[in-house]
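Structure, as structure tokens:
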Amino acid sequence: MGYNTENGVFILKKRLTGILSLALCFCCLLCGCAGRPLCAYTTYAYFDTQTRWAYFSHDAEKEQTLWARITSFAESVERSVSLSRSDSALSRFNAAAAGETVEIDAIAYDLLDLARQAYEDTQGAYNPAAGIYIDLWGFSPRCTSVQYRPTLPYDRADYTSELPDERYITLFQPLTDFSAVRWWEQDGAYFARKPAVFVEAEGEVFTMALNLGGIAKGYCADACAPLVREAGYDAGYLAFGSSSLALLKNALPDAESGDLWAVGVRSPRESEHANYMDVYLKDVNLSSSGDSELYYELNGIRYCHIIDPVTGYPVNALGKGGIVCAAVSGLSGAAGDAVTTALHVMGKDGAIDYAREKLSECGVSFVYDDGTGALTLYTNLQEGTYRLWDQTMRTVTF
């Protein structure tokens, strides 16, 4: 869905549509290698986005079975933590009363563990308890649904032309302490307890709301890539949405990149180039995030789905400039997804310090807007491991 309003522009990536922040650049799906074509299974059934397995075919029956295993796992993750489903473990947790214990499943349990690791490692810059702010600003599945209708006191009929009441931003701060959530395993079952904290407004009680969508797709990549390898497929890739890639090797080598994939990272702003850079990778995970994936503009300010859990505002909305897109390779899919989100929240200097301290063995790139619209690429990638297409973009190596 996309439309113009008198004062703003609304560009939300909806089901089956939208602009990818990561696009694999290769010859084409019909090219072959040693007589084997590069084929792909694709579905839009999960996470409101595309899931794809690209592979070099040699056993159609085995591939069909393997794709069924991949989609079955994606379906199980969807059932566990999707906020589009009222019966998911995470939706039931969010609907529970303050202090209540909810039975969850093994996948939600694993994702909570991974979320805690990322939360602690980034000192809260990645915070799944910012879920209530994601809803407040209009970026939750409830709000982006074509069936959206205002139901809560802070809802707006058209949240692209009216910002939320600031009192809710202050009111919801006590609901964002992810460290207060508890979860455990007992006798083969899994449980999570919501913090006994709530706030009230206009007769409505609000409690903590978690959102694990930021790492669920990377989690799928982490689980499904080994299935592909174990089945004897060491070339191709898995893509869960536009933000989470598990790359194997490229069996269509060329003189420039050999058996590496040339992965194009989409330009974060209007540009003559669809991709501002290519990175050359294989046998690694690549995660990305950006403020051009899901956003609206109002009175010249961009409000995106990446929320600073401290301020309660979308990143870059309170000041001039900020990180507008980030990409990280070399971590697990889930960790990479969390870190790219956290880099936005950290800001330029914090992101550089974090990358130097924690990500020295990874490939890190982010684009910074200085507030005038001038974009600078900050990266620790070595020369020859990437290609910059946008020559107007300054590059700083850290």
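Kindly state which strands (runs of 3 or more DSSP E) lie completely within the range 232-273 and contain at least 1 residues that are at pLDDT below 95 and open to solvent by 10 Å² or more (accessible area, probe 1.4 Å).
261-266
Among the helices (runs of 4 or more DSSP H) confined wholly to the range 135-231, which include 3 or more residues that are touching a residue at least 60 places away in the same chain (Cβ under 8 Å) and open to solvent by less than 60 Å² (accessible area, probe 1.4 Å)? First the steps, then the outcome.
Numbers: elements: 141-144, 166-171, 213-230.
Those helices (runs of 4 or more DSSP H) span 213-230.
So which residues in the range 347-398 are closer than 18 Å to SER288 by Cβ and without any contact (Cβ under 8 Å) to a residue 12 or more places away in the chain?
none
Specify the residue that is surrounded by the most Cβ atoms within 10 Å (Cβ to Cβ); the eligible residues are those in the range 46-58 that are out of contact with any Asp or Glu (no Cβ under 8 Å at 6 or more places or on another chain), over 21 Å from ARG79 (Cα atoms) and modelled with pLDDT under 95. Write out each step before concluding.
So the first thing to find is which residues in the range 46-58 are out of contact with any Asp or Glu (no Cβ under 8 Å at 6 or more places or on another chain), and the list is 48-54, 56, 58.
Of the ones still in play, those that are also over 21 Å from ARG79 (Cα atoms) are 54, 56, 58.
So of that shortlist, the ones also modelled with pLDDT under 95 come out as 56, 58.
Working: PHE56: 22, HIS58: 13.
Per the criteria, the residue is PHE56.
Pull up the range 329-367, narrow it to residues that are of a type in the set (Asp, Glu) and in a helix (DSSP H, G or I), then point me to the one that is least open to solvent (accessible area, probe 1.4 Å).
Filtering the range 329-367 down to residues of a type in the set (Asp, Glu) leaves 337, 349, 353, 357, 361.
Applying the additional criterion that residues be in a helix (DSSP H, G or I) yields 337, 349, 353, 357.
Details: ASP337: 5, ASP349: 98, ASP353: 91, GLU357: 138 Å².
Per the stated criteria, the residue is ASP337.
Determine whether ARG394 is touching a Phe, Trp or Tyr at 6+ places or on another chain (Cβ under 7 Å) and open to solvent by 60 Å² or more (accessible area, probe 1.4 Å).
Taking the combined requirement at face value, the residue does not satisfy it.
If GLN173 satisfies every condition in (1) at pLDDT 95 or above; (2) in contact with a helix residue (DSSP H, G or I) (Cβ under 9 Å, 6 or more places away or on another chain) but one, which is the exception?
Failed condition: (2).
I'm trying to understand the selection: among the residues of the range 286-328, which are touching a Gly at 6+ places or on another chain (Cβ under 8 Å), more than 19 Å from TYR219 (Cβ to Cβ), assigned to a strand (DSSP E or B) and among the β-branched types (Val, Ile, Thr)?
ILE323, VAL324
Which one is least open to solvent (accessible area, probe 1.4 Å), of the residues in the range 274-310 that are under 30 Å from ARG167 (Cβ atoms), under 20 Å from the mean Cα position of the chain (by Cα) and of a type in the set (S, T, N, Q)?
Once the filter is applied, the top-ranked residue is SER289.
The values are calculated or read from the model by the stated rules, or taken from the named source; none is laboratory data. Just so you know, these numbers come straight off a predicted model, no measurement behind them. Note that each Cβ is placed from the backbone with ideal geometry, even for glycine, and that neighbours are counted across all protein chains shown. Heavy atoms of the whole protein, side chains included, go into the accessibility calculation; ligands, DNA and RNA do not. Shrake-Rupley method; radii C 1.70, N 1.55, O 1.52, S 1.80 Å.
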